[in-house]
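The values are calculated or read from the model by the stated rules, or taken from the named source; none is laboratory data. All values reported here derive from a predicted model rather than from experimental measurement. Positions of Cβ are generated from backbone atoms using ideal geometry, with glycine treated the same way; all protein chains shown enter the neighbour counts.
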Amino acid sequence: MTTIRTALAGLALGLASNAFAQAPNLAAANYIGVERGTGKVSLNCPANTDCSRVDVSHVVRAGHRFDPSWAFEVTYRHIDADWGFLRSYSAELTSFGLGAAYTLPLSGSVGALVRFGGASNGLKLQPAVGLLDQNPGTISTTAVKPYLGFGLSWQFARHWSTSLNADWTRADLRETSGGPKQTVTVRTLGAGIAFNF
């Protein structure tokens, strides 16, 4: 009888441990997180022009988990532009996305993330201008593009988690108003913190 009880207790403990290991970052069904890092727009810089492809990025994510693996997610991304005196060719990104996130448990509190969906990406370009030329102003172009992301999260408290994330998408830009569109790659890389509720 003692052996049976010991076996049952071990089985129950094993099932509980396994269930916990399969569900990291699940203190609650909803979450909201903020991230800060770098963003890069793969601009094709004109010859003899000093331009800025990389700048500060900000990301806000809010999601709802349907089960331990899948979540619906809304994302806001912004990449600043360097429109200073010495860098006249730069682009600013503002993006709103809808998609899904899949969590693969690596341990009881660590998970790998895959994100994918679609986003409305607005790119505001500052064209290259000469030192004595009049600034033509910015040119804005908006397009809906797919996005893909990968991340690594760690839940360090019941309602709090931190993560490292990398996302890629595409965006359209125009060199001149009404001119032909070019498609460029956009990347954000950042670290953040999320509240689970």
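Kindly provide the set of residues from the range 79-92 that are modelled with pLDDT of 90 or more and either farther than 19 Å from Val56 by Cβ or assigned to a loop (DSSP other than H, G, I, E, B) (or both), ordered by number. Within the range 79-92, Asp80 is the sole residue that qualifies.
Annotation note: Cβ proximity below 6 Å between a residue of the range 104-125 that is touching a residue at least 40 places away in the same chain (Cβ under 8 Å) and under 26 Å from Thr142 (Cβ atoms) and a residue that is part of a loop (DSSP other than H, G, I, E, B) and of a type in the set (Ser, Thr, Tyr) (sequence gap 6+ or interchain) occurs for Lys124/Thr138.
The listed residues are Ser107, Ser95, Ser140, and the only one of them that is part of a strand (DSSP E or B), at pLDDT below 95 and on the phi < 0 side of the Ramachandran plot turns out to be Ser140.
The number of residues in the range 161-184 being touching a residue at least 40 places away in the same chain (Cβ under 8 Å) and closer than 21 Å to Ala101 by Cβ comes to 6.
When the residues of the range 23-51 are filtered to those that are part of a loop (DSSP other than H, G, I, E, B), under 13 Å from Ala194 (Cα atoms) and small (Gly, Ala, Ser), the one that is modelled with the highest pLDDT is Ala29. Look at Val114 and say whether it is assigned to a strand (DSSP E or B), under 24 Å from Val74 (Cα atoms) and over 16 Å from the mean Cα position of the chain (by Cα). The answer is no for Val114. Val129 fulfils the conditions (1) modelled with pLDDT under 95; (2) in a strand (DSSP E or B) except for a single criterion, (2). Scanning the range 54-80 for residues that are buried (at least 18 other Cβ atoms within 10 Å of the Cβ) and charged (D, E, K, R), we see that the one that is farthest from Leu113 (Cα to Cα) is Asp55. Screening Leu113, Leu106, Leu189, Leu125 for residues that are surrounded by 15 or more Cβ atoms within 10 Å (Cβ to Cβ), among the aliphatic types (A, V, I, L, M) and farther than 18 Å from Gly33 by Cβ leaves exactly one candidate, Leu125. Looking for something more than 17 Å from Gly63 (Cα to Cα), in a strand (DSSP E or B) and touching a helix residue (DSSP H, G or I) at 6+ places or on another chain (Cβ under 8 Å) - is there at least one such residue anywhere in the range 172-195? No, the conditions are met nowhere in the range 172-195.
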